[in-house]
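Scroll down for the structure; my scribbles are underneath it.
The values are calculated or read from the model by the stated rules, or taken from the named source; none is laboratory data. As the structure is a prediction and not an experimental result, all values here were calculated from the model. Positions of Cβ are generated from backbone atoms using ideal geometry, with glycine treated the same way; all protein chains shown enter the neighbour counts.
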Amino acid sequence: MNKGKLYIVSGPSGSGKDTVVGLVMQKLGDESRISVSMTTRQPRGQEKEGVDYFYVSEESFLNNVEQGNMLEYARYGRYYYGTPKAPVEKWLEEGKVVFLVIEVNGGENIKKYFPDAEKIFILPPSLGVLEQRLRGRGTEDDDAVSRRMTIAREEIKRAVEYDYIIVNDLLDDAVNSVISIVEAQKLRTANMKNKISEVLENA
Ligand code: 5GP
């Protein structure tokens with residue numbers, strides 16, 4: 001059995017990356033898993049503990065970092081965000097397609113441990129659309145939106161560090177593009193060696 005495959009998905013807040021990955025996972029079904037991050041920020045809107053994030057205090061977060069429980073972590077705005085190590089390692093061992101939806105510094109750090117990870121950047125069609133989407137959420141005040149727009153510009157400059165760029169203009173197209181990437185990886189020669197032997201051995 002092949003080991004699993006890790007996909008890092010990044011994009012500015014409001015790019016729709018969580019929605020895209022959610023729909024990709026619905027299509028892939030049980031072969032896929034998504035990492036639930038730990039954060040020191042408060043739940044927003046309808047978010048749920050253990051589903052969207054594990055919400056912890058700064059002290060508890062830094063304790064987890066110190067104990068080596070995190071694959072990566074980063075400070076984003078005023079808060080910490082990080083990927084718990086154990087579930088990701090287990091899923092990769094089980095051969096799952098694993099998604100980490102994380103910001104660009106975390107994406108860079110992960111690649112050091114998992115050089116085979118594929119990095120996908122979700123671009124908004126324009127900065128104007130991005131700002132509209134952030135305001136449309138209605139969960140953040142003007143200051144928070146303009147802070148996120150400043151960070152967004154910096155993140156978009158780093159899209160060149162990624163293996164794939166997907167523009168999330170039409171949601172269905174963005175979802176299908178991610179699926180194509182996942183399907184193409186499965187056909188890489190390294191993942192098809194068993195099939196070659198099988199064809200040669202069975203007349
Ligand atoms: P938000 O507050 O909008 O949920 O997340 C802010 C940013 O932190 C987003 O870009 C999100 O993808 C990123 N993020 C979420 N979880 C993690 C994580 O575990 N590690 C890192 N490095 N970034 C994360």
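Take the residues in segment 153-180 that are of a type in the set (Val, Ile, Thr) and in a strand (DSSP E or B), then tell me which one is surrounded by the most Cβ atoms within 10 Å (Cβ to Cβ).
Filtering segment 153-180 down to residues of a type in the set (Val, Ile, Thr) leaves 156, 160, 165-167, 175, 178-179.
Within this subset, residues satisfying the condition of being in a strand (DSSP E or B) are 165-167.
Values: 165: 14, 166: 24, 167: 15.
Among them, the one singled out is 166.
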**Report entry** Test: residue in segment 20-28 that is within 25 Å of residue 144 (Cα to Cα) and near the ligand (Cβ under 7 Å from one of its atoms)
**Finding:** no
Query raised in the report: Does segment 63-71 contain at least one residue that is among the charged types (D, E, K, R) and within 11 Å of the ligand (Cβ to nearest atom)?
Result: no
Query raised in the report: Can you find even one residue in segment 187-197 that is crowded, with 19+ Cβ neighbours inside 10 Å and either at pLDDT below 95 or not in a helix (DSSP H, G or I) (or both)?
Result: no
Query raised in the report: Can residue 104 be described as within 25 Å of residue 154 (Cβ to Cβ), within 14 Å of the ligand (Cβ to nearest atom) and touching a residue at least 12 places away in the same chain (Cβ under 8 Å)?
Result: yes
Query raised in the report: Can you name the residue in segment 1-19 that is surrounded by 14 or more Cβ atoms within 10 Å (Cβ to Cβ) and part of a loop (DSSP other than H, G, I, E, B) and is also farthest from the ligand (Cβ to nearest atom) among such residues?
Result: 4
Query raised in the report: In the list 45, 50, which residue meets the criterion of being more than 23 Å from residue 148 (Cβ to Cβ) and loosely packed, with under 15 Cβ neighbours inside 10 Å?
Result: 50
Requested in this report: Please tell me if residue 123 is in contact with a helix residue (DSSP H, G or I) (Cβ under 9 Å, 6 or more places away or on another chain), within 12 Å of the ligand (Cβ to nearest atom) and touching a residue at least 60 places away in the same chain (Cβ under 8 Å).
Outcome: no
Report summary line: Listed by first then second residue, the pairs whose first member lies in segment 54-76 and is more than 14 Å from residue 41 (Cα to Cα), whose partner is of a type in the set (Ser, Thr, Tyr) and not in a helix (DSSP H, G or I), with beta carbons under 8 Å and at least 6 positions apart or on separate chains, are 65/73; 70/83; 71/83; 72/83
